[in-house]
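The values are calculated or read from the model by the stated rules, or taken from the named source; none is laboratory data. Here the structure is a predicted model, which is why all the values come from computation and not from measurement. Glycine also receives a Cβ, built like all others from the backbone with ideal geometry; neighbour counts cover every protein chain displayed. Please note that ligands, DNA and RNA were not included when accessible areas were found on the heavy atoms of the full protein model with its side chains. Shrake-Rupley method; radii C 1.70, N 1.55, O 1.52, S 1.80 Å.
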Amino acid sequence: MLKKIFKFISSILAAKHLYITKSLEYFDKKDLFLDLNMDYVRYRTLELCMSEIKKKGIQGNMAEVGVYKGSFSEKLNKIFPDRKLYLFDTFEGFDVKDIVVEKENNYSTGDQDFSDTSVEFVLSRMKNRENCIVRKGFFPATAEGLEDKFCFVSLDADLYQPILAGLEYFYPRLEPGGYIFIHDFNNQQYVGARDAVIKFCSANGLGFVPIPDIGGTAIISK
Ligand SMILES: C[S@@+](CC[C@H](N)C(=O)[O-])C[C@H]1O[C@@H](n2cnc3c(N)ncnc32)[C@H](O)[C@@H]1O
């Protein structure tokens, strides 16, 4: 009886593209420690990748390009409290240089406003603030002179230019076994993200895994 009710409810939800699924049934649940989040797929995948980094003892620091109010960065800072976390953002929204390219290529309108944030606000929500290094301004210029190795990088700048520049800068500095998450790979509002990933991977003979989270993240591993 219960099975029938479950099947019935599932079919109604599935018609609305909402799915009830048993996830990670055979995974040791003690390794899952982030709060449940609206974007279940994105955060569970992050946990699994971070868990691999831990289990394999992969060294290196972390970075996010496109921090905005710090929702995703906060998770990174929580997962690896002892590793440096580089925070790259203008903290004033998109740069006009990137928007020009977006419009020329019909990638996006570039008119989403991400200016309602600040370095102070982002740092105030970081539990391990002492390991956060803020690189405020236009990326990739803000990476100049920085030499480090990375175990995890999140590219969430939405636009073609900073995403491609992020791949070009971080992939050579990624530790073997490390990950780069590129958000918006399958986001129809920001098709430049997809182009940047395809272009970089084709030029360098790399593969990637697309995952079904809200923005459609692509994951590159080394
Ligand atoms: C979608 S938001 C990031 C969301 C964030 N990761 C989160 O967890 O909520 C995109 C951010 O990318 C930043 N950004 C886009 N292009 C940039 C560039 N060339 N240099 C620095 N920051 C950039 C914007 O300022 C904006 O804050």
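Scanning the range 42-53 finds one or more residues that are among the hydroxyl-bearing types (S, T, Y), within 15 Å of the ligand (Cβ to nearest atom), touching a helix residue (DSSP H, G or I) at 6+ places or on another chain (Cβ under 8 Å) and open to solvent by less than 70 Å² (accessible area, probe 1.4 Å). If only residues of the range 206-222 that are open to solvent by 70 Å² or more (accessible area, probe 1.4 Å) and hydrophobic (A, V, I, L, M, F, W, C) are counted, the one that is modelled with the highest pLDDT is V209. Just need a number here: residues in the range 60-114 that are of a type in the set (A, V, I, L, M), open to solvent by less than 40 Å² (accessible area, probe 1.4 Å) and more than 8 Å from the ligand (Cβ to nearest atom). Residues flagged as of a type in the set (A, V, I, L, M), open to solvent by less than 40 Å² (accessible area, probe 1.4 Å) and more than 8 Å from the ligand (Cβ to nearest atom) within the range 60-114 amount to 8.
Report those helices (runs of 4 or more DSSP H) wholly inside the range 1-90 carrying at least 2 residues which are more than 14 Å from F152 (Cα to Cα). In the range 1-90, the matching helices (runs of 4 or more DSSP H) lie at 2-15, 40-56. The sole residue among F185, F121, F208 that is among the hydrophobic types (A, V, I, L, M, F, W, C), over 21 Å from S71 (Cβ atoms) and free of Cβ contacts under 8 Å to residues at least 60 places away in the same chain is F208. Counting only residues that are in contact (Cβ under 8 Å) with a residue 24 or more places away in the chain and open to solvent by 20 Å² or more (accessible area, probe 1.4 Å), the range 195-205 holds 3 of them.
Yes/no matrix, rows are residues, columns are (1) surrounded by 24 or more Cβ atoms within 10 Å (Cβ to Cβ); (2) over 13 Å from the mean Cα position of the chain (by Cα); (3) more than 15 Å from N204 (Cβ to Cβ):
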{"position": "P140", "(1), (2), (3)": "no, yes, yes"}
{"position": "A143", "(1), (2), (3)": "no, yes, yes"}
{"position": "K149", "(1), (2), (3)": "no, yes, yes"}
{"position": "V153", "(1), (2), (3)": "yes, no, yes"}
{"position": "A165", "(1), (2), (3)": "no, yes, no"}
{"position": "E175", "(1), (2), (3)": "no, yes, yes"}
{"position": "G178", "(1), (2), (3)": "yes, yes, yes"}
{"position": "I182", "(1), (2), (3)": "yes, no, no"}
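Residue-level check: of (1) in contact (Cβ under 8 Å) with a residue 60 or more places away in the chain; (2) within 17 Å of the chain's Cα centre (by Cα); (3) not in a helix (DSSP H, G or I), S108 misses just (2). For the range 114-126, does any single residue satisfy the condition of being within 29 Å of K222 (Cβ to Cβ) and either in contact with a Gly (Cβ under 9 Å, 6 or more places away or on another chain) or of a type outside the set (F, W, Y) (or both)? Scanning the range 114-126 turns up at least one residue that is within 29 Å of K222 (Cβ to Cβ) and either in contact with a Gly (Cβ under 9 Å, 6 or more places away or on another chain) or of a type outside the set (F, W, Y) (or both).
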